[in-house]
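Just so it is clear, none of the values below were taken in a lab; they were calculated from the coordinates. If you're wondering where the values come from, they're calculated on a predicted model, not measured in any experiment. Note that each Cβ is placed from the backbone with ideal geometry, even for glycine, and that neighbours are counted across all protein chains shown.
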Amino acid sequence: MNIPAHLLYTEEHEWVLIEGNIATVGITDYAQEALDELVYVEVETVGENLERNDVFGTVEAVKTTSDLFLPLSGKIIEFNAELDENDGDNPTLVNEDPYGKGWIIKIELADADDREGLLSPEAYRDLIE
């Protein structure tokens, strides 16, 4: 299972890359594997200020649909256009490259120092094993 050491994680299987006051968020390799092939990623919250743990979107796989939970409070400033059905329409990027081209959103953080509740790579590995 791929768990990059430079990222933080949530118990809901999202990963977070924090760079200054911007965080990039996606779902983990574990999550995409459990969901199997994604057929749709929906994010209708761009431009909205949301709180930690609010639902910011959904991913739909052949077998199921799952909510996506915001790992940190802030404003959704970008949805990956390559995943959007109106632009790139390629949700399988999440399966192919969950930590790279398959990122889902970018957040302008309400508090760039607020990392409470996020898991280290080691803690996330312990959670899924």
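Between rounded, prolate and oblate, where does the stretch 25-72 land on the alpha carbon gyration tensor, with a ≥ b ≥ c its root eigenvalues, rounded for a/c under 1.5, else prolate if a/b exceeds b/c?
Numbers: a/c = 2.67, a/b = 1.74, b/c = 1.53.
Here the stretch 25-72 falls in the prolate category.
As a footprinting exposure proxy, order K106, K75 by other Cβ within 10 Å, with the fewest listed first.
The fewest-first ordering by Cβ neighbours comes to K75, K106.
Which GluC sites (Glu not before Pro) in the stretch 1-105 pass both tests, a DSSP loop state and at most 16 other beta-carbon atoms within 10 Å? Please report the intermediate quantities before stating the final value.
Numbers: sites: E11, E12, E14, E19, E33, E37, E42, E44, E48, E51, E60, E78, E82, E85, E96; in loops: E11, E12, E37, E44, E48, E51, E82, E85.
Those that pass, being in a loop and sparsely packed, are E11, E12, E37, E44, E48, E51, E82, E85.
Taking the Cα centre of the chain as the origin, how large is its charge dipole in debye, to the nearest 20, when only Lys and Arg (+1) and Asp and Glu (-1) carry charge on their Cβ atoms?
Details: 7 positive and 31 negative charges, 46 e Å.
I would put it at about 220 debye.
Given the Cα-Cα distance of I77 and N49 and 0.36 nm per residue of separation, how much length would full extension add, in nm?
Numbers: separation 28, 0.36 × 28 = 10.08 nm, distance 0.92 nm.
Gain in length upon complete extension: 9.2 nm.
Please list, by residue number, everything in the stretch 1-15 whose backbone N is under 15 Å from a paramagnetic label point 7 Å out along Cα→Cβ of A123.
Under 15 Å, as judged by backbone N against the label point of A123, lie 6-15 of the stretch 1-15.
State the Kirkwood hydrodynamic radius of the chain in Å, one decimal place, computed from all pairs of distinct Cα atoms. Walk me through the numbers on the way to the answer.
Working: mean 1/r = 0.0694 Å⁻¹.
The Cα-based Kirkwood calculation yields 14.4 Å.
Per DSSP H run of at least 4 residues, take -39500 (n - 2.57); add these up for the chain, divide by its residues and hand me the 222 nm value, nearest 500 deg cm²/dmol.
Per the formula, -3500 deg cm²/dmol.
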